[in-house]
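Since every read-out is calculated from the coordinates, none of them should be taken as a lab result. Just so you know, these numbers come straight off a predicted model, no measurement behind them. A quick note on method: Cβ atoms are made from the backbone with ideal geometry, for glycine too, and the neighbour counts reach across all protein chains shown.
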Amino acid sequence: MYFFNDVISTYTISIGSLFNNFKVQRINKKVKPSQIKEIDVPLEYSSKTHWYLKTNKNVSDKYNINKILPRMSFSLESLELDDKRQTNKFNTLKFDGDMSAGVRKWCQTCVPYTFHYKLDIYTRYQSELNQIIEQILPFFPANSRDLHIKEVPILNIYRSSRVQLDGISQSINVDYQDNGDRVINMSLDFSLDGYIYPPITEDSIIKEIDVKLYLDLLEVKYVKEEDIVIIETETETENG
């Protein structure tokens, strides 16, 4: 039976919303007075190494590194079953908003999974990387935060899922050619506590009850007439 609740896409979009609409300021000290330019940091799903395309001449030279960077990308790296969060299906779960008993029972059959995401930040200047990092880290004061997610949009189900910052690593890639560029990359690993939902079961509604069912069955001849034995008995009268 085919079913699709589109939960994975919902989690991925929610993670991307945490890092959207970031900006950095680039200071041009070559002019007097210094000029400050505010630059939007594009966010894309999955990694796209534009500087390699530029090196291979697949991108026009007018799109230099300064115009391509800074930028960010994120992707779903892996997911794994989290049996530690598996609860008793007879426990009552708390959700935001009212829902029917059938939907609540269906939600209790979900399977907990941990979704691992990776955010890559690419800049040319360390100052711009610092600006982006300092816009992210304050939202993870204890290495985790709660993210309010509308897990199943068709049923209007919300849940507060924990997002944890698992690690940070930085690398600097330098191209030593004559027209080489320097690219600073920082990777942040996140894990999200989510759930995978089973198919929605639809039970038929009883609209009519036939109380004469037993009588109807008696009218159906399930035995042959010759197999029926009739025993006649004589009854005594009151006078003997």
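In table form, for the structure just shown:
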| quantity | calculated |
| --- | --- |
| Built amide H within the under 5 Å cut-off of residue 82, gap 5+ | 113, 114 |
| Approximate spin-label separation residue 83-residue 137, in nm, with each point projected 7 Å along Cα-to-Cβ | 3.8 |
| Two-site label geometry, residue 4 and residue 185: point separation in nm, points 7 Å out along Cα→Cβ | 3.2 |
